[in-house]
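These notes concern the structure reproduced below.
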Amino acid sequence: MIAFVARRVARIVGIGLIGAGFVVAPAGQVFAQAPAQAAPAVGVVPAAAQTMNESTEVAGRVEARERVDLLARVTGFLEEQAFREGAEVKAGDVLYRIERGPYQAAVDAQAALLDQAKAQLTNADITLKRAQELLARNAGPQSNVDNALAAELSARAQVSLAEAQLRAAQINLDYTEIRSPVDGRIGRTAVTQGNVVGPNSGVLATIVSQDPMYVTFPISSRQILELGDEQRAVGGKGLNVRLRLADGSLYSEVGKLDFIDTTVSQDTDTILLRGVIANPPLPSSGNNVGTARRLTNGAFVTVVLESVEPTKYLAVPRSAILSDRQGDYVFVVDGENKAQQKRVRLGQSTPLVAAVVDGLNEGDSVIVEGIQNVRPGEPVSPAPASPSAAAAAQQRR
């Protein structure tokens, strides 16, 4: 009787618990029934088309287009230094003067020898003509004509020799004035006035051109491939060369790539590139230490290779990009409000914006918030992302 009453009580209590969201096991045990789980809330932004100029940064060095080491071609006392150290000079300017006296005397002596040779040639011509006239009247032998002709040819050769020696003496005289072969800035002189200089004296001073300048930089083989087939086909002429100086500032002038080396270095797997860029004088630069310019020969810079034509890409916030062993991917919301995984290929990106070049379609709803609760193929509850996340997708490089 007691067991029967207990079963009735349990059945009555069980009915009440079932109505309250509980179930009763066959043995009379009661368990809580799990409520249906809601879809996780996520914030989405549309994949938007944008354009940007792709760029790559590498270390480089500024080099003068022309560099000339001045040497003395003749020996003598240095009589004059005709320039100010550090100043800019023009092609043809006299920079040094070496004593001219000995070389002027050599020129005068060779001029006199030339006059003597010309006089002997004149006499030989007269002798030849007389011998030929006598031979024509049968008044002289053929041998006299032959001897006169040989003498005339020898005298003519002596004139040519004297003229060459005079030119050599004049060249040495001209070497007593050392002139600038290029426009540029001259450095410190190594020899001062009053010293004896000559071919073995070494470099007297160095001139480097100032405008424009070269910038050389190595880039890896991988980066060359990333330039793209279009850039390689035109020799990189679709690239702008910009410079970031040692103080971090971006140089105002824009250069062009003008040379790509023919061989990849076996040690570093890099290839040398060269750009040319303007280096105008700074406004109101003083003359106390020479004309001031921003670029100096030998300076280290950061080279920014930037494409001339902008590239179109789909922009999404960087926070939307996830990665695994297979690569990068994002979650998008499909028409049934389910999260779908899409593999993507990224281009050049920034800390805030990811440039997607493959794997997304314009307008795809990309999940940027609540990603940690998303599972592929599972329903989600999408809503527009917060203003900060949406703004990140609109940022440009």
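For this structure, a couple of remarks:
- Unique match (being modelled with pLDDT of 90 or more, outside the structural domain of residue 318 (by TED's automatic domain parsing) and surrounded by 11 or more Cβ atoms within 10 Å (Cβ to Cβ)) among 78, 17: 78
- Residue pairs whose Cβ atoms lie under 9 Å apart, separated by 6 or more positions or on different chains, with the first residue in region 137-151 and more than 23 Å from residue 121 (Cβ to Cβ) and the second not aliphatic (A, V, I, L, M), are 139/133.
- Residue count, region 240-269 (criterion: surrounded by 10 or more Cβ atoms within 10 Å (Cβ to Cβ) and either part of a loop (DSSP other than H, G, I, E, B) or not assigned by TED's automatic domain parsing to the domain that holds residue 214 (or both)): 11
- Filtered by the rule that a residue be hydrophobic (A, V, I, L, M, F, W, C), assigned to a loop (DSSP other than H, G, I, E, B) and modelled with pLDDT of 50 or more, region 28-72 gives 36, 38, 39, 47, 71, 72.
- Annotation: residue 64 fulfils all but one of (1) of a type in the set (A, V, I, L, M, F, W, C); (2) touching a residue at least 12 places away in the same chain (Cβ under 8 Å); (3) assigned by TED's automatic domain parsing to the domain that holds residue 166; the unmet one is (3).
The values are calculated or read from the model by the stated rules, or taken from the named source; none is laboratory data. Values in this document were obtained by computation on a predicted structure and should not be read as measured data. Counting neighbours? That spans all protein chains shown, and the Cβs are built from the backbone with ideal geometry, glycine included.
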